Amino acid sequence: MLVDGVWQENWQPVQKADEKGRFVRQVSSFRNWITPDGSAGPTGEGGFKAEAGRYRLYVALICPWASRALMGRKLKGLDGIIPLTVVAPALTDQGWEFGGYRGADEDPLFGARYMHELYTRADPTFTGRATVPVLWDMKQNVMVNNESADILRMFDTAFEGIVPSDLRLYPEAYAAEIDALNATVYDRLNNGVYKAGFASSQGAYDEAVDGVFATLDDLEARLTGDYLFGVTITEADIRLFVTLIRFDAAYHGLFKTNRRQIADYPRLSAYMERILTLPGVAETVNMDHITRGYYSIKALNPTRIRPTGPAHIAALLDRAGAAGL
């Protein structure tokens with residue numbers, strides 16, 4: 001991580017735990033918003049007007065948080081006006097690296113080797129992990145935002161005047177319900193798998209894994225229709241999907257969330273495939289990057305040996321035309 005703008009060589013995936021050994025995730029630091037007219041958003045400062053070709057999205061295809069933004073960009077038809085840079089899947093001793101792996105890009109703006117170099121461009125005294133996604137303003141050469149939840153909502157509405165869309169990922173009629181469900185799914189499932197995988201005590205692990213499977217059980221019972229809130233996909237579905245698609249191939253084994261697989265949940269499995277086959281979504285899923293990235297985490301897998309399955313996920317990806325295992 002960076003400390004006062006200087007990279008620390010002893011990088012570890014877990015930077016903080018509480019007194020009971022629970023994994024604590026870093027809070028995002030750059031919270032400006034792109035808006036139709038450049039006025040300030042809910043957080044941060046103004047000056048970021050929606051314009052075609054002005055902003056670049058940096059992502060890791062392994063990362064579920066980055067994939068939220070990537071899916072929003074696709075579903076809202078913004079891929080033609082917001083260019084994309086993909087980092088390499090394996091975390092190095094200096095964090096995310098550009099290029100050097102199939103499907104990974106060199107940094108087109110500054111020729112940076114590592115993502116942390118963009119963070120120190122944005123703030124020379126930054127302290128924290130250099131995370132993805134990153135939304136970069138190429139006009140002012142500043143970082144707009146590195147919080148996936150914010151970026152997903154920006155993509156939903158900020159560019160409507162440039163790329164109109166009938167799809168609303170955060171419909172006003174369901175806003176309060178979406179917020180409530182997001183909070184539960186984030187704490188107990190999206191971040192819950194990480195709390196299980198990076199737990200440093202048995203009690204912290206037991207608590208986390210109980211929450212993961214209680215939430216999956218609740219969601220399986222809830223899914224009586226196509227999506228969480230009826231017949232149209234919302235941001236709540238995106239936030240759930242990015243964890244489900246990684247679960248059997250990565251979290252089940254590496255993070256020890258192995259009571260059941262998503263394959264054991266008929267409704268969640270059908271739901272996951274339904275979303276995967278929506279136009280553009282399969283392009284956001286690269287299981288080679290996902291498994292390469294997760295199984296390169298030295299703290300959890302020191303041998304770096306990567307499993308070849310599971311076969312049902314490979315078959316699912318083949319049917320959807322996504323990048324396979």
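The values are calculated or read from the model by the stated rules, or taken from the named source; none is laboratory data. Note that the structure is a prediction, hence the values are computed from the model and not measured. With ideal geometry, Cβ positions are generated from the backbone for all residues, glycine too; neighbour counts draw on all protein chains shown. Quick note on the areas: whole protein, heavy atoms, side chains included, nothing else; ligands and nucleic acids left out. Shrake-Rupley method; radii C 1.70, N 1.55, O 1.52, S 1.80 Å.
Remarks
- Straight Cα distances below 16 angstrom link Lys195 to the aspartates and glutamates Asp18, Glu19, Asp187, Asp206, Glu207, Asp210, with same-chain residues fewer than 8 positions distant left out.
- Put a dot 7 Å past the Cα of Arg274, heading toward its Cβ, do the same for Lys298, and the two dots end up 4.4 nm apart.
- Cα shape, the stretch 255-325, gyration tensor, a/c 1.5 rule: oblate
- When Rg and Dmax are taken over the Cα atoms of the stretch 121-259, they come to 17.6, 51 Å.
- Alpha-carbon centroid distance for the pair the stretch 109-185 / the stretch 55-87, whole angstrom: 9 Å
- Phi-derived couplings, Karplus 6.51 cos²θ - 1.76 cosθ + 1.60 at θ = phi - 60°, listed residue by residue for the stretch 154-170: 4, 4, 5, 10, 5, 9, 4, x, 9, 10, x, 8, 7, 8, 10, 7, 10 Hz, with x used for Gly and Pro.
- With 0.36 nm allotted per residue and the present C-alpha distance subtracted, the Arg267-Thr184 stretch has 28.0 nm of extension available.
- Remark: the chain projects, on average over all directions, an area of 15.8 nm² (convex hull of Cα atoms).
- Summed residue charge, Cβ within 13 Å of Thr184's Cβ, Lys/Arg positive, Asp/Glu negative: -2
- Sparsely packed chymotrypsin sites (Phe, Trp or Tyr not before Pro) within the stretch 60-123, loop by DSSP, other Cβ within 10 Å at most 16: Phe110
- Remark: relative contact order (the chain) = 19 percent; criterion is Cα-Cα distance under 8 angstrom and separation of 6 or more residues.
- FRET E, pair Thr127, Ala214, Förster distance 45 Å, beta-carbon r, rounded to 0.05: 0.80
- One chain, two ends: Tyr227 and Ala149. Fully extended at 0.36 nm per residue, the span grows by 26.2 nm beyond their Cα-Cα distance.
- One Cα centroid belongs to the stretch 255-325, the other to the stretch 199-237; the line between them spans 17 Å.
- Using the Stokes-Einstein relation with a Kirkwood hydrodynamic radius computed over Cα pairs, the translational diffusion coefficient of the stretch 201-325 at 25 °C and a viscosity of 0.890 mPa s comes to 160 µm²/s.
- Size descriptor for the stretch 44-186, Kirkwood hydrodynamic radius: 16.0 Å (Cα pairs only, one decimal).
- Built from the Cα atoms of the stretch 90-138, the convex hull projects on average onto 3.7 nm², one quarter of its surface area.
- Distance in nm between pseudo-label sites at Ile162 and Arg260 (7 Å out along the Cβ direction from Cα): 4.4 nm
- The residues of the chain present an accessible area of 41 Å² per residue when probed at 1.4 Å with all protein chains retained.
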